[in-house]
Amino acid sequence: MFKADPYYAKSPLAGSLVVVLDGEYPQRGLKLIPQPSRAVCRNEVHEMIVTDEEAEPGSSVNPIAYLGFVEFAQGGVIVAGDRVSVNGEDIGYVCGFDETHMPNHLNVVIKSEERVPGAELGLELGDKVRIVKKA
């Protein structure tokens, strides 16, 4: 639709882990929506899932690991390609969104080099999550 990135500038999103998850699925069958962005409101809680599979908005994702749920400290917009870090450690980039559990929560799917659950990564409640615009 756009020839250039329409998100000229946007605020980083920050939040804290309120749940750490431990689990993996080799064939989850997530259906990423075709839209490359989603708005989140202050205090909303959404799930973070990682995959090591190449994916983009509109594609399907099978091998996944569950990281956890994050509560956002302020509202903003998450866009495919945004970088995700926990306590300053790069996790990967947002490859898309799955709305299986909406309106309860959004699955934010992150492309990572390794598909490792939150518990195995040593994530803890209260860890700081940051999502920033791709460079």
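Just a few scattered comments:
- When G96, G126 are screened for being modelled with pLDDT of 95 or more and either in a strand (DSSP E or B) or in contact with a helix residue (DSSP H, G or I) (Cβ under 9 Å, 6 or more places away or on another chain) (or both), only G96 passes.
- When the criteria are applied in full, V116 fails the requirement of being in contact with a strand residue (DSSP E or B) (Cβ under 7 Å, 6 or more places away or on another chain), touching a residue at least 60 places away in the same chain (Cβ under 8 Å) and in a strand (DSSP E or B).
- Some residue of segment 73-82 being touching a residue at least 24 places away in the same chain (Cβ under 8 Å), in contact with an Asp or Glu (Cβ under 8 Å, 6 or more places away or on another chain) and buried (at least 18 other Cβ atoms within 10 Å of the Cβ): yes
- Comparison of L21, L17, L13 shows that the only residue that is over 16 Å from R83 (Cα atoms), open to solvent by less than 20 Å² (accessible area, probe 1.4 Å) and modelled with pLDDT of 95 or more is L17.
- First in segment 57-71 and farther than 22 Å from G15 by Cα and in a loop (DSSP other than H, G, I, E, B), second anywhere and open to solvent by 10 Å² or more (accessible area, probe 1.4 Å) and hydroxyl-bearing (S, T, Y), Cβ under 9 Å, 6 or more apart: P57/S37; N62/Y25; P63/Y25
- Every residue from segment 1-31 that is closer than 17 Å to G76 by Cα and of a type in the set (S, T, Y): Y7, Y8, S11, S16
The values are calculated or read from the model by the stated rules, or taken from the named source; none is laboratory data. Bear in mind that the values here come from a model prediction, so they are computed numbers and not experimental data. Counting neighbours? That spans all protein chains shown, and the Cβs are built from the backbone with ideal geometry, glycine included. Just so you know, the surface numbers come from the protein's heavy atoms only, side chains and all, with ligands and any DNA or RNA stripped out. Shrake-Rupley method; radii C 1.70, N 1.55, O 1.52, S 1.80 Å.
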